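Colleague: Structure incoming, see below.
The values are calculated or read from the model by the stated rules, or taken from the named source; none is laboratory data. Small disclaimer: the values here were computed from a predicted structure and weren't measured. Cβ coordinates were reconstructed from backbone atoms using ideal geometry, including for glycine residues, and neighbour counts include every protein chain displayed. What goes into the accessible areas is simple: the full protein's heavy atoms, side chains included, and nothing from ligands, DNA or RNA. Shrake-Rupley method; radii C 1.70, N 1.55, O 1.52, S 1.80 Å.
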Amino acid sequence: MHGYQIGRRVMLLALFSILPLIGINQSAQGQLIFDGQILDRTGAWDGYPTITFINGVHHIWWCSSHADSTGGDAVYHATKPTQLGPGGWTVHGEVVNHLLSPVATDLTCDPSLVKGDFVFESVHYAYALYYTYNTGSGGTDNAVAVAFSNNGAD
């Protein structure tokens, strides 16, 4: 334990020594502002968020328990047109679940959204939503898939 603390101090000292060299303002360090819980649905776990700002609207995708009685996890989507902070999110529901995904058997999770120009089957799409999914029962055989959209939601 004592060796870990010394190593951590040396690493922090080295980090603060190189911050000016890479253009990070040291005076801003330690200035994180926590705005509180932004999304919490009663009776469901919520995690692994990815968030973006599209045309003046905040979008969040996250992993949660699937609402259908078949179980599993699903990727959800919500929006908020005002400033970030607690409350005010409109949950639009599941974007990807194991019933909608052509490859998943019981779990979909870990969303990551990328904006660009994606061509799939000769159609152009503005967004690619990468997610992990389970290819077998029990969550022990996972893979990565991608879904395309022109609005980031459906």
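Residue by residue, here is whether (1) in contact with a strand residue (DSSP E or B) (Cβ under 6 Å, 6 or more places away or on another chain); (2) among the aliphatic types (A, V, I, L, M) holds:
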site: Ala78; (1), (2): yes, yes
site: Pro81; (1), (2): yes, no
site: His92; (1), (2): yes, no
site: Leu99; (1), (2): no, yes
site: Ser122; (1), (2): no, no
site: Tyr125; (1), (2): yes, no
site: Tyr130; (1), (2): yes, no
site: Val144; (1), (2): yes, yes
site: Asn150; (1), (2): yes, no
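Colleague: If you don't mind, another one. Filter the range 68-84 for residues that are more than 17 Å from the chain's Cα centre (by Cα), at pLDDT below 90 and loosely packed, with under 15 Cβ neighbours inside 10 Å and give the result. Break it down into steps so the answer makes sense when it comes.
Modeller: Let us first name the residues in the range 68-84 that are more than 17 Å from the chain's Cα centre (by Cα), namely 68-72, 81-83.
Checking the rest, the ones that are also at pLDDT below 90 come to 68-72, 82-83.
Listed by number, the residues that qualify are Asp68, Ser69, Thr70, Gly71, Thr82, Gln83.
Colleague: Looking at the structure I just gave you, is Gly43 more than 25 Å from Ala126 (Cα to Cα), within 18 Å of the chain's Cα centre (by Cα) and not hydrophobic (A, V, I, L, M, F, W, C)? If you could, list the steps in order and put the result at the bottom.
Modeller: Working: more than 25 Å from Ala126 (Cα to Cα): yes; within 18 Å of the chain's Cα centre (by Cα): no; not hydrophobic (A, V, I, L, M, F, W, C): yes.
No; evaluated as a whole, the condition is false for this residue.
Colleague: Here are some conditions: (1) open to solvent by less than 40 Å² (accessible area, probe 1.4 Å); (2) outside any loop (DSSP other than H, G, I, E, B). Tyr125 meets all but one. Which one does it not meet?
Modeller: (1)
Colleague: Which one is nearest to the chain's Cα centre (by Cα), of the residues in the range 128-149 that are open to solvent by 90 Å² or more (accessible area, probe 1.4 Å) and modelled with pLDDT under 90?
Modeller: Going through the qualifying residues, I end up with Asn142.
Colleague: Let me confirm something: among Leu107, Leu100, which residue is at pLDDT below 90, open to solvent by 60 Å² or more (accessible area, probe 1.4 Å) and either under 16 Å from Gly47 (Cα atoms) or out of contact with any Lys or Arg (no Cβ under 6 Å at 6 or more places or on another chain) (or both)?
Modeller: Values: Leu107 fails: open to solvent by 60 Å² or more (accessible area, probe 1.4 Å).
Being at pLDDT below 90, open to solvent by 60 Å² or more (accessible area, probe 1.4 Å) and either under 16 Å from Gly47 (Cα atoms) or out of contact with any Lys or Arg (no Cβ under 6 Å at 6 or more places or on another chain) (or both) holds for just one of Leu107, Leu100, which is Leu100.
Colleague: Can you tell me how many residues in the range 43-66 are in contact (Cβ under 8 Å) with a residue 12 or more places away in the chain and loosely packed, with under 13 Cβ neighbours inside 10 Å?
Modeller: Step one: filter the range 43-66 for residues in contact (Cβ under 8 Å) with a residue 12 or more places away in the chain, giving 44-50, 52, 54, 56-66.
Next, only the ones that are loosely packed, with under 13 Cβ neighbours inside 10 Å stay: 44-45, 47, 56.
Total satisfying the criteria: 4.
Colleague: Sticking with this one: Any idea which of (1) more than 30 Å from Leu107 (Cβ to Cβ); (2) at pLDDT 80 or above is the one Leu19 doesn't satisfy?
Modeller: In the conditions (1) more than 30 Å from Leu107 (Cβ to Cβ); (2) at pLDDT 80 or above, Leu19 misses (2) alone.
Colleague: Another question, then. Out of curiosity, is Val91 within 13 Å of the chain's Cα centre (by Cα), in a strand (DSSP E or B) and modelled with pLDDT of 85 or more? Write out each step before concluding.
Modeller: Working: within 13 Å of the chain's Cα centre (by Cα): no; in a strand (DSSP E or B): yes; modelled with pLDDT of 85 or more: yes.
Considered against the rule, which asks whether it is within 13 Å of the chain's Cα centre (by Cα), in a strand (DSSP E or B) and modelled with pLDDT of 85 or more, Val91 comes out as no.
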